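For reference, the structure is listed below as structure tokens.
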Amino acid sequence: MRDPTQDQSAADAEDGADAAGTPGAAGNAVAAGALPWELAWQAALYGPDGFYRHHAPAEHFATSAQGLPGAGGILAEAVLALARRYQCRHVVEVGAGRGELLSQLRSLPSHLHLTGVDVVPAPPGLQVDRWLVSPGGAHLPDGLDDLHDTLVLAHEWLDVVPCPVVDRAKEDPAGWRSVLVTVDGQEQPGPPPAGPDLEWAQRWLRPEVERAEIGLPRDRALADLLSRVRSGLVVVVDYGHTAADRPRHGTLTGYRQGREVTPAPDGTCDLTAHVAFDSLTQVTGRWHLTTQGELLRELVGDPKDPVPHHLASTDPQAYLAAVARRAALTTLTAPGGLGDFRWLLAPRRRPPH
């Protein structure tokens, strides 16, 4: 989950959008006129001067994998437990950032082969076995293919796969209009969606939804990823929704320097939107959808379990480490917060033992 990394209120979002100064170079790559959100979003994040090519995620927001003390280690424990359960010898992280989670995995006792995938080269000194540079967004590198006995983790990847944005057409409440956007974030109505985009909206969006992100590019991106794994497990971790709790007004937002800001495709901020997990399950074959709270309690322990008090006198360091671990686990499993993160598990071919 993207959380501001500085102690600043999301109530400042409107000011944050205007205080960024002139649009970045990625914004200049977007035409001066309005474009469909999907195109503007892609250029702003992954163009030659896009946000992710020049900014480390940890500079702008925290996730379960980085920015929250102790959380990355617990997440790595959970990934290792899944790898063992599904007999995986190889772990691939898609959208690996600067390798924070892979570093945590490397510190655990295992013999896993570790591969990172991101739009930038691996940072110096990162202890992984392989690193692949991705084109960005839904596009995966050609070298990521024919994976056997592999756990592929897409941790907060799909939320930054750009997709169309639509809202209800005022002249026809039963219909939709695409949303166009200028480089500074000004929106205007566009033409009605057609073809597969319209079919997706009609299938997955209830009448009470007034604005939404069309999840079809995420569905296709996951289908592509699944096709590259011959055996093992694909795990999608993200904040998201299903038809039962689909937000009425969409979820597209921006993050810049620790603040949530009004989204603008100018290359100066992260752009992200929640993931429609129910549509994802249509491309996975076998699948299991759960929450982070439920899965972490199963894999790494319950934060309600007491820390042995005798350690305070017999082994103070172990006691403090246990208290810190329990605090991190409490944060990661908290209802209404990170505990509500969705985990979609899609086994490939061989069932677990």
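Could you check which residue among 100, 156, 208 shows the biggest mean-square fluctuation in a GNM of the chain with a 10 Å Cα cutoff? Fluctuation is largest for 208. Within the accessible area of the chain, the carbon and sulfur atoms contribute 53%, probe 1.4 Å, all protein chains present. Between residue 286 and residue 142, the simple spin-label model (points 7 angstrom out along Cα→Cβ) gives 3.3 nm. Computed over the chain, the Cα gyration tensor eigenvalues convert (square root of 5λ each) into semi-axes of 34, 23, 21 Å, ordered from largest to smallest.
Wrap a convex hull around the Cα atoms of the stretch 210-292, take a quarter of its surface area, and give that in square nanometres. List each step's numbers first, then the result.
On the way: hull surface 28.2 nm².
Averaging across all directions leaves 7.0 nm² for the Cα convex hull.
Quotient of the Cα radius of gyration of the stretch 97-220 and 2.2 N^0.38 Å, N being its number of residues: 1.43. Taking a ≥ b ≥ c as the square roots of the eigenvalues of the Cα gyration tensor of the stretch 166-238, is the shape rounded (a/c under 1.5), prolate (a/b larger than b/c) or oblate? Prolate, since a/c reaches 1.5 and a/b exceeds b/c. Please determine, in degrees from 0 to 90 and to the nearest 10, the orientation of helix 216-227 with respect to the longest principal axis defined by the Cα atoms of the chain, where the helix direction is its Cα long axis. Here the helix axis deviates by roughly 40 degrees.
Explain nothing, just the number: relative contact order of the stretch 138-191, from Cα pairs under 8 Å at least 6 residues apart, as a whole percent. Provide the component values of the computation, followed by the final result.
Numbers: 38 pairs, mean separation 11.1, N = 54.
Relative CO of the stretch 138-191 lands at 21 percent.
Approximating the spin labels as points 7 Å out from Cα along Cα→Cβ, the residue 227-to-residue 184 distance works out to 4.2 nm. Over the stretch 195-333, Cα pairs under 8 Å with separation of 6+ residues give a relative contact order of 20 percent. Between residue 230 and 147, 148, the built amide H atoms are under 5 Å apart, and every one of these is 5 or more places off in sequence or on another chain.
Arranged from highest to lowest average of other beta-carbon atoms within 10 Å per residue, in what order do the peptides 73-80, 135-142 appear? Each step should come with its number before you reach the end.
Numbers: 73-80: 22.6, 135-142: 16.5.
Ranking the peptides 73-80, 135-142 by packing returns 73-80, 135-142.
Would you work out the relative contact order for the stretch 127-254, in percent, from Cα pairs under 8 angstrom that are 6 or more residues apart? It rounds to 35 percent for the stretch 127-254.
Which FRET efficiency value, to the nearest 0.05, do you get for residue 81 and residue 203 by plugging their Cβ-Cβ distance into 1/(1 + (r/R0)^6) with R0 = 30 Å? Please report the intermediate quantities before stating the final value.
On the way: r = 35 Å, r/R0 = 1.17.
In this case the efficiency is close to 0.30.
The values are calculated or read from the model by the stated rules, or taken from the named source; none is laboratory data. Note that the structure is predicted; figures quoted are calculated from it, not measured. Virtual Cβ from ideal backbone geometry, glycine too; neighbours counted across all protein chains shown. Only protein heavy atoms, including side chains, enter the accessible area calculation; ligands, DNA and RNA are left aside. Shrake-Rupley method; radii C 1.70, N 1.55, O 1.52, S 1.80 Å.
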